[in-house]
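These notes concern the structure reproduced below.
The values are calculated or read from the model by the stated rules, or taken from the named source; none is laboratory data. These numbers were taken from a predicted model, which means no experiment stands behind them. Here the Cβ is made from the backbone with ideal geometry for all residues, glycine too, and neighbour counts use every protein chain on show. Quick note on the areas: whole protein, heavy atoms, side chains included, nothing else; ligands and nucleic acids left out. Shrake-Rupley method; radii C 1.70, N 1.55, O 1.52, S 1.80 Å.
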Amino acid sequence: MNAESAPPSTPYVALGGSEVIGRIVDRFYDLMDTEPQYRPLRAMHAEDLTPMRVSLAGWLCAWAGGPRDWFEQNPGKCMMSAHRGLRVNHETATQWADAIARAVAECGPADQALGKAMAERLELMAQAMARP
Ligand code: HEM
């Protein structure tokens, strides 16, 4: 492949693509499902986390510059608006950010600076969803 036809480098590629993102998401929901400190966050979610595992993985792939299937399947859907009615507060947003940071650290890219940057941006989004 020559330089002209090479696909652009994206965070998605640097992260390790859908395989690594899928591992992060599975670990995130496993932590949420099993660790006592995330009980308030877990209680906000439906019993069956399977649809959320699929959706969050798809959203993260698209967000990171990978395949845009999630955006195409959810035209015009905004994650911030989708969470507005969910009564996210500072406590549960912090739990979400903590669990995703742990999942990224455990299952994310070997490049720790990249994993940290990903977790930091997701934390900003999670905290921006919180209402007093
Ligand atoms: C960067 C931050 C976040 C992202 C990217 C994100 C992403 C998602 C995605 C993709 C879904 C699947 C449902 C759908 O497709 O609409 C979902 C569901 C959900 N999220 Fe988040 N989320 C974030 C933060 C949070 C936070 C901070 C909370 C709570 C404190 C939260 C609570 C929920 C709940 C309760 C559901 C499921 C609703 C149901 O049971 O159907 N999320 N989120």
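Okay, here's what the table says:
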quantity: Residues satisfying the stated conditions in region 58-77, i.e. assigned to a helix (DSSP H, G or I) and either open to solvent by less than 70 Å² (accessible area, probe 1.4 Å) or more than 11 Å from the ligand (Cβ to nearest atom) (or both); calculated: G58, W59, L60, C61, A62, D69, W70, F71, E72
quantity: Pair list, Cβ under 8 Å, 6 or more apart: region 81-97 residue under 17 Å from L122 (Cβ atoms), other residue open to solvent by 90 Å² or more (accessible area, probe 1.4 Å) and assigned to a helix (DSSP H, G or I); calculated: Q95/Q37
quantity: Qualifying residue in region 99-113 (condition: within 8 Å of the ligand (Cβ to nearest atom) and aliphatic (A, V, I, L, M)); calculated: yes
quantity: Candidate set from region 91-123 (those that are open to solvent by less than 50 Å² (accessible area, probe 1.4 Å) and of a type in the set (V, I, T)); member that is nearest to I24 (Cα to Cα); calculated: V104
quantity: Hey, M80 within 8 Å of the ligand (Cβ to nearest atom) and either acidic (D, E) or open to solvent by 40 Å² or more (accessible area, probe 1.4 Å) (or both) or not; calculated: no
quantity: Matching residues, region 2-41, being away from the ligand (no atom under 16 Å from the Cβ), hydroxyl-bearing (S, T, Y) and modelled with pLDDT of 95 or more; calculated: T10, T34
quantity: Test: A126 is within 13 Å of the chain's Cα centre (by Cα), within 10 Å of the ligand (Cβ to nearest atom) and open to solvent by less than 20 Å² (accessible area, probe 1.4 Å); calculated: yes
quantity: Residue list for region 42-57, restricted to those being near the ligand (Cβ under 7 Å from one of its atoms), of a type in the set (G, A, S) and assigned to a helix (DSSP H, G or I); calculated: S55
